[in-house]
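Here's the structure, in structure tokens; my notes come after.
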Amino acid sequence: MERDKNKSALSSAASWFVKWVLNNKAVSVLIIILLILLNLLLLPKVSYIFRPLTAFADVMGLPLIIAGVLYYLLNPLIDWMESKNITRPAGISIVFLIIAGLLAWGVATLIPIIREQALSLLDNWEDYLSSFVASIDGFFQSDVLSRLQQQLMGEEDGLSTSITDQADDVVDTTVTGIGNFVGILSTAFLAIITTPFILFYLLKDGHHLPYHIMNIVPSKMREQTYVLLREMNLQISQYIRGQLLVAFCVGLMFWIGFSIIGLEYALTLGIMAGALNLIPFLGTFIAFFPIVIIAIVLHPPFMLVKVLIVFFTEQTLEGRVIQPLILGSNLNIHPVTIIAVLLTAGNLFGLPGVILGIPVYAISKVVLVHLFAWYQTYTGLYDDDYNPAPKPVVSEKKKKKQLSLKKKLR
């Protein structure tokens with residue numbers, strides 16, 4: 001009798017466990033997430049396993065990134081040439097010859113100018129910055145502002161001293177950065193040698209890569225995995241092509257504008273502004289400060305007005321013409337989200353985080369959207385579409401852009 005009671009109790013407990021744990025989809029998903037987190041927690045304990053991968057990334061990371069960027073930039077041209085009955089190896093060879101010719105022309109004409117301007121700017125930058133700080137210091141030490149500063153900060157020389165200290169820190173950081181330039185050059189030299197070979201084979205055989213990846217994926221997951229990889233590829237390709245083209249146009253506009261108004265270092269400052277424009281929203285404003293310093297120190301005060309006119313014209317053309325024409329709203333990311341991602345990635349990973357933060361976020365967003373869609377289907381907790389909150393109003397322009405994006409994914 002006692003044995004029957006024990007069997008009944010065990011059977012009841014087992015049925016409860018099966019009902020509320022094993023047969024509960026939500027609990028199963030939570031258990032899977034817990035196991036994944038436990039695996040991540042244990043990864044530092046077995047980090048020695050990944051040392052070969054770390055060594056590989058240190059050596060091949062930069063060449064692979066550069067080759068990947070150039071692949072997304074050049075692959076549409078190679079595809080177009082292939083549609084015109086030009087074989088891919090022949091098309092790649094033609095493109096490489098054109099790039100080599102452009103590089104030779106740049107080395108012969110532009111590089112000497114950039115070198116001269118960059119060396120002059122580096123030699124005189126400390127003097128420019130000191131003159132700028134002295135001008136700002138004298139402005140803040142005027143009688144009216146001195147009394148106002150004393151009321152606000154409680155000490156007479158606090159603000160000017162703070163500005164001077166910050167300027168000294170900037171100078172020290174700049175000198176230290178120049179000292180590390182030699183190490184960067186060695187890495188860049190290795191990347192320059194390796195990148196063309198990687199890029200050639202990417203352009204030649206890269207379009208076959210999805211087929212080989214799908215052969216590894218289990219058959220039941222191939223369709224969803226292919227859709228996911230296609231969306232990720234679309235996000236990366238549109239972002240890379242768009243940002244590079246916009247950065248080129250921005251640098252060209254600044255170069256032309258600064259040359260027209262007669263600002264020194266026009267070519268170097270234009271290239272710097274174009275390169276910093278790869279940082280969304282913040283890059284152009286970061287480049288604006290050294291330009292303003294040079295304008296104030298060398299040609300006060302009218303050059304500053306001319307620089308502001310060039311800056312306003314460039315921002316208008318970039319915002320109204322170039323970005324809508326090239327970028328559109330392909331990433332579909334809110335500006336506040338972009339700024340938050342940039343600040344967070346920059347704080348965690350420095351300059352690489354600022355440059356790569358947005359594409360990594362876009363890829364992560366695609367992956368999370370697909371995971372959440374799978375979670376909705378698996379758990380059945382979202383079968384009802386009822387939502388008590390008011391539905392957002394979507395403009396016709398945004399609807400057309402969303403429809404265009406859906407057509408690209410088909």
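The values are calculated or read from the model by the stated rules, or taken from the named source; none is laboratory data. Nothing here was measured: the structure is a model prediction, and the numbers come from that model. Backbone-built Cβ (ideal geometry, glycine too); neighbour counts: all protein chains shown. Side chains are part of the model used for accessible areas, which takes the heavy atoms of the whole protein and leaves out ligands, DNA and RNA. Shrake-Rupley method; radii C 1.70, N 1.55, O 1.52, S 1.80 Å.
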Self-check item: Spacing of the two label points (7 Å from each Cα toward its C-beta) at Arg222 and Leu102, in nm
Solution: 3.9
Quiz item: At a Förster radius of 35 Å, what calculated FRET efficiency corresponds to the Cβ-Cβ distance of Ile65 and Leu122, to the nearest 0.05?
Solution: 0.85
Practice problem: Calculate, for Lys204 and Leu278, the FRET efficiency according to 1/(1 + (r/R0)^6) with r their C-beta to C-beta distance and R0 22 Å; round to the nearest 0.05. | Solution: 0.20
Quiz item: For the range 190-241, with equal point scatterers placed on the C-alpha atoms only and solvent neglected, what are the log10 I(q)/I(0) values from the Debye formula at q = 0.23, 0.24, 0.30 1/Å, to two decimals?
Solution: -0.95, -0.97, -1.07
Practice problem: Quick one: accessible surface of Ile271, probe radius 1.4 Å, all protein chains present, in square angstrom to the nearest 10. | Solution: 80
Exercise. Heavy atoms only, probe 1.4 angstrom, no DNA, RNA or ligands counted: give me Arg51, Arg230 ranked by accessible area, highest first.
Key: Arg51, Arg230
Quiz item: Relative contact order for the range 190-314: what is it in percent, counting Cα pairs under 8 Å that are at least 6 residues apart?
Solution: 17
Quiz item: Given a 1.4 Å probe and the protein chains all in place, what does the accessible area of Ser364 round to, in Å² to the nearest 10?
Solution: 50
Quiz item: Once the principal axes of the Cα atoms of the range 326-386 are found, what is the range along each, listed largest first in whole angstroms?
Solution: 43, 28, 17
Exercise. Considering the convex hull of the alpha carbon atoms of the range 228-348, report its projected area averaged over all viewing directions, in nm², one decimal.
Key: 8.3
Quiz prompt | For the range 225-273, convex hull of alpha carbons as volume per residue, Å³ | solution = 45
Quiz prompt | Full-stretch length increase - His370, Ile114 - with 0.36 nm per residue and alpha-carbon distance subtracted | solution = 87.5 nm
Quiz item: If you roll a 1.4 Å probe over the range 198-317 with all protein chains in place, what percent of the accessible area is carbon or sulfur?
Solution: 75
Exercise. Can you send over the solvent-accessible area of His207, 1.4 Å probe, protein chains only, in Å² to the nearest 10?
Key: 80
